[in-house]
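What follows is a short report on a single structure.
A short reminder: the numbers here are calculations on the coordinates, not readings from a lab. Being a predicted model, the structure only gives us computed values, none of them experimental. Cβ coordinates were reconstructed from backbone atoms using ideal geometry, including for glycine residues, and neighbour counts include every protein chain displayed.
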Amino acid sequence: MSAPALVTASRRQWSGAGRWWTPYVFIAPFVVLFAVFLVGPILIAIVNSLFSEQSSGLGFGGSEVLFVGLDNFARALADSDFVTSFGRVVLFGVVQVPIMLAISVVLALLFDSGLVAGSRFFQLTVFLPYAVPGVIAALLWGFLYQPSVSPIIQGLASIGIDVNLLAPGTVLWSIANVATWSTVGINMIILFSALQALPRELYEAAKLDGAGQIRIALGIKLPMIAPALLLTTVSSIIGTLQLFNEPQVLKSITANISSDYTPNMAIYAASTLGKDSHLSSAMAILLGLATLIISLIVLKATNRSSQKKATDG
């Protein structure tokens, strides 16, 4: 065998080419991290939710961990505040998600149309709030929500408009405002990237047929970026059910946000204030199941709608 052939053979042997285990070496880091940081915590939470820590004797001795089956799930579902928190975030999502996605779609279409001068600057401006951590964004908005220091509220009061953005009836929508501007940017980028990948020949053909920008946007662009719209919708729904940072921060400046205002806050309160990790594990599993079910319903409804349009077409 010649020297070049020996070198090639040695390189193949060193690289592992042709060996069955080579692909598994490359995917092993992902599998390990996936198992450690996702599958592992889920399994631990499931096991933990089936037990409960109870005091032995008259309460003066130690405590023991007993198997209680589904009792923690029953306790969680019997907690009216925890159940109410689900209804609160569902109402939040029904209003906030469509508004946020509508703003994201409009901005993405405007930037893609080329009608906006300095679009790069405005894209960065819209995306910038997403780069700000949610806790800091909530702190900044909390300053604008406090009547004693807010220039906005004081300016409105000077012209006879009295508003309280932290009142019981408005605090949920104040949280929605923070969440909206914190997530519009990333969704706009996803939709704009999908629009940029579309073939421009379709637009030219539509323009030759007399279609305007609005008709092109509604009839060509939006249907063709349906997968991106579905992605942003599902991710927004999941984010809504996991709402935590904004209400947790604003809780420090108003009494109208309780410690169990959202499901995630209720889980946090049960594990820290209540010091009951078993109950909080059951709550976390219920939240995960609710998120999964709602996501599947949205995906099913979207697929059915797509199939109906394809059949009608």
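Centre-to-centre separation between the Cα atoms of the stretch 193-255 and those of the stretch 67-139: 13 Å.
Going by a ≥ b ≥ c, the root eigenvalues of the Cα gyration tensor, does the stretch 154-313 fall in the rounded group (a/c under 1.5), the prolate group (a/b larger than b/c) or the oblate group? Oblate, because a/c is 1.5 or more while a/b does not exceed b/c.
Along the Cα-to-C-beta direction of ARG200, a point sits 7 Å from the Cα; which residues of the stretch 94-114 have their amide N less than 18 Å from that point? Correct set: 109-114.
Shown for the chain are the DSSP H helices of 15 Å or more along their axis, judged by Cα atoms, with a mean Kyte-Doolittle hydropathy of at least 1.6: 22-34, 80-113, 134-145, 226-241. Spin-label model, ALA74/MET224: points 7 Å from Cα along the beta carbon direction are separated by 5.8 nm.
The stretch between SER113 and ALA290, if pulled fully straight at 0.36 nm per residue, gains 59.9 nm over its current Cα-Cα span. Over the chain, Cα pairs under 8 Å with separation of 6+ residues give a relative contact order of 24 percent. For semi-axes √(5λ) of the Cα gyration tensor in Å, the value calculated from this model appears in (1) 41, 20, 18; (2) 41, 37, 20; (3) 30, 22, 20 under label (2). Calculated mean residue ellipticity, 222 nm, the chain: -22500 deg cm²/dmol, from DSSP H runs (n ≥ 4) at -39500 (n - 2.57) each, averaged per residue and rounded to 500.
Spin-label model, LEU128/LEU91: points 7 Å from Cα along the beta carbon direction are separated by 3.5 nm. Within a straight-line Cα-Cα reach of under 26 Å, LYS221 can be paired with the following lysines, leaving aside sequence neighbours fewer than 8 residues apart in one chain: LYS207, LYS300, LYS308, LYS309.
Only one residue of LEU292, ALA228, SER281 has its Cα farthest out toward the positive end of the dipole of the chain, where Lys and Arg carry +1 and Asp and Glu -1 on Cβ, and that residue is ALA228.
When each of the peptides 236-249, 165-178 is scored by the mean number of other C-beta atoms lying within 10 Å of its residues, the order from highest to lowest reads 236-249, 165-178. Each residue, GLU64 and THR84, gets one label point 7 Å from its Cα in the Cβ direction; the gap between the two is 3.8 nm.
Tell me whether the stretch 47-206 comes out rounded, prolate or oblate; compute the Cα gyration tensor, take square roots of the eigenvalues as a ≥ b ≥ c, and use a/c under 1.5 as the rounded threshold. Oblate shape, in that a/c is at least 1.5 and b/c is the bigger or equal ratio.
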